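The values are calculated or read from the model by the stated rules, or taken from the named source; none is laboratory data. Fair warning: this is a prediction, and the values are worked out from it, not measured in the lab. Here the Cβ is made from the backbone with ideal geometry for all residues, glycine too, and neighbour counts use every protein chain on show. Heavy atoms of the whole protein, side chains included, go into the accessibility calculation; ligands, DNA and RNA do not. Shrake-Rupley method; radii C 1.70, N 1.55, O 1.52, S 1.80 Å.
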Amino acid sequence: KEKISKYIQQLSEEGALHFSLIDPDKISNLDKLDSLARKLYEAGTSAFLIGGTLGVSKDKLDNVLEILSDIKIPKIIFPSNINLISEKADAILFLSLLNSDDIYYVIGAQVVAAPLIKKLGIEVLPTGYLIIGYGGTAGHIGRARIIPFDNNDLALSYALAAEFMGMKFLYLEAGSGSPEPVKPEMVSLIRRFANLTIIVGGGIRTQETAIKLVEAGAHIIVTGNIIEDNPEKAIKIIESIRNYRRV
Ligand code: 1GP
């Protein structure tokens with residue numbers, strides 16, 4: 001019980017972590033996933049997030065979870081909807097898209113998913129999900145009322161509300177493939193005033209950007225696209241976060 005949450009908490013005490021996002025619909029070659037995943041693991045990524053907004057089925061999710069099953073770091077579902085629930089995962093980000101205008105993404109899907117998650121005994125990581133600046137497909141489908149990149153006070157207000165409602169994690173999402181990531185200033189303000197484990201993702205493509213976000217106080221950096229587009233670069237990002245952690 002609460003195994004993954006404790007794992008994240010313990011590792012976080014040593015410094016920032018990197019999570020590798022695998023979108024089962026974007027993996028061009030499933031045969032190569034095992035060796036790619038091993039490289040990410042060896043470089044020092046701390047968990048796999050598995051999910052995507054479009055074209056993801058439970059079959060594809062299970063397939064990816066199966067391939068990753070021998071790698072000894074947590075496999076965490078990053079769901080876009082209620083179809084992405086699998087007992088093969090170690091945990092699930094139990095997301096509420098706090099800045100959605102559609103109640104389905106705030107509390108509807110969660111109600112439908114909850115009894116199944118309970119039955120399967122999957123660990124939940126209670127997470128406020130905020131879409132910032134760009135949003136991409138997730139922002140469109142989730143009907144997000146997007147928080148501008150520079151509106152730090154607005155983002156902090158959502159973060160505090162998430163904390164007061166008992167959420168443990170806050171995912172600041174610029175959107176997969178965003179032309180720019182969430183700004184370090186937003187992260188540092190939230191880190192200073194809210195007691196939440198801060199996850200930052202969307203549009204992180206270089207070590208420099210990742211390290212700036214770590215310096216600002218991000219607990220977890222997520223990269224998705226770069227893993228598929230340029231694995232060597234992804235490995236550099238992971239190593240730079242790990243090395244930063246050591247100093
Ligand atoms: C998307 O935050 C993640 O949900 C990662 O985004 O694919 O741009 O790295 P990228």
Search the stretch 122-179 for residues being open to solvent by 30 Å² or more (accessible area, probe 1.4 Å), more than 12 Å from residue 201 (Cα to Cα) and among the polar types (S, T, N, Q), and hand back the single one that is farthest from the ligand (Cβ to nearest atom). 157
Just the residues that are modelled with pLDDT of 95 or more and either in contact with a His (Cβ under 8 Å, 6 or more places away or on another chain) or among the polar types (S, T, N, Q) (or both), please, taken from the stretch 82-92. 86
Return the total of residues in the stretch 220-230 being crowded, with 22+ Cβ neighbours inside 10 Å and in a loop (DSSP other than H, G, I, E, B). 1
Among the residues of the stretch 7-50, the number that are out of contact with any helix residue (DSSP H, G or I) (no Cβ under 8 Å at 6 or more places or on another chain) and not charged (D, E, K, R) is 11
Starting from residues that are open to solvent by less than 40 Å² (accessible area, probe 1.4 Å) and touching a residue at least 40 places away in the same chain (Cβ under 8 Å), keep the ones in the stretch 180-192 and report whichever is nearest to the ligand (Cβ to nearest atom). 182
1 or more residues in contact with an Asp or Glu (Cβ under 6 Å, 6 or more places away or on another chain) and aliphatic (A, V, I, L, M): qualifying helices (runs of 4 or more DSSP H) within the stretch 44-161: 58-68, 109-120
List every residue pair whose Cβ atoms lie under 6 Å apart, where the two residues are 6 or more positions apart in sequence or sit on different chains, the first residue falls within the stretch 96-108 and is under 15 Å from residue 126 (Cβ atoms), and the second residue, located anywhere, is of a type in the set (A, V, I, L, M). 96/106; 98/130
Given the conditions (1) surrounded by 21 or more Cβ atoms within 10 Å (Cβ to Cβ); (2) on the phi > 0 side of the Ramachandran plot, every one holds for residue 55 apart from (1)
Can you say whether residue 195 is open to solvent by 50 Å² or more (accessible area, probe 1.4 Å), without any contact (Cβ under 8 Å) to a residue 40 or more places away in the chain, closer than 22 Å to residue 123 by Cα and more than 16 Å from the ligand (Cβ to nearest atom), as far as the supplied structure shows? yes
Can residue 210 be described as within 13 Å of the ligand (Cβ to nearest atom) and under 15 Å from the mean Cα position of the chain (by Cα)? yes
Taking the options 39, 3, 26, name whichever one is modelled with pLDDT under 95 and either within 20 Å of residue 121 (Cα to Cα) or of a type in the set (D, E, K, R) (or both). 26
Of all residues in the stretch 66-92, how many are surrounded by 17 or more Cβ atoms within 10 Å (Cβ to Cβ) and touching a Gly at 6+ places or on another chain (Cβ under 8 Å)? 5
Could you give me the residue pairs with C-beta distances under 8 Å whose first residue belongs to the stretch 8-23 and is in contact (Cβ under 8 Å) with a residue 24 or more places away in the chain and more than 16 Å from the ligand (Cβ to nearest atom), whose second residue is in a strand (DSSP E or B) and among the aliphatic types (A, V, I, L, M) wherever it lies, and which are 6+ apart or on separate chains? 8/17; 8/47; 8/125; 8/220; 11/17; 12/220
Hey, can you tell me all the residues within the stretch 214-236 that are near the ligand (Cβ under 10 Å from one of its atoms) and either of a type outside the set (A, V, I, L, M) or closer than 21 Å to residue 185 by Cβ (or both)? 221, 222, 223, 224, 225, 228, 229
Can residue 205 be described as more than 21 Å from residue 52 (Cβ to Cβ), open to solvent by 60 Å² or more (accessible area, probe 1.4 Å) and of a type outside the set (Asp, Glu)? no
Name the residue that is most open to solvent (accessible area, probe 1.4 Å), counting only residues in the stretch 42-52 that are modelled with pLDDT of 95 or more and of a type outside the set (A, V, I, L, M). 42
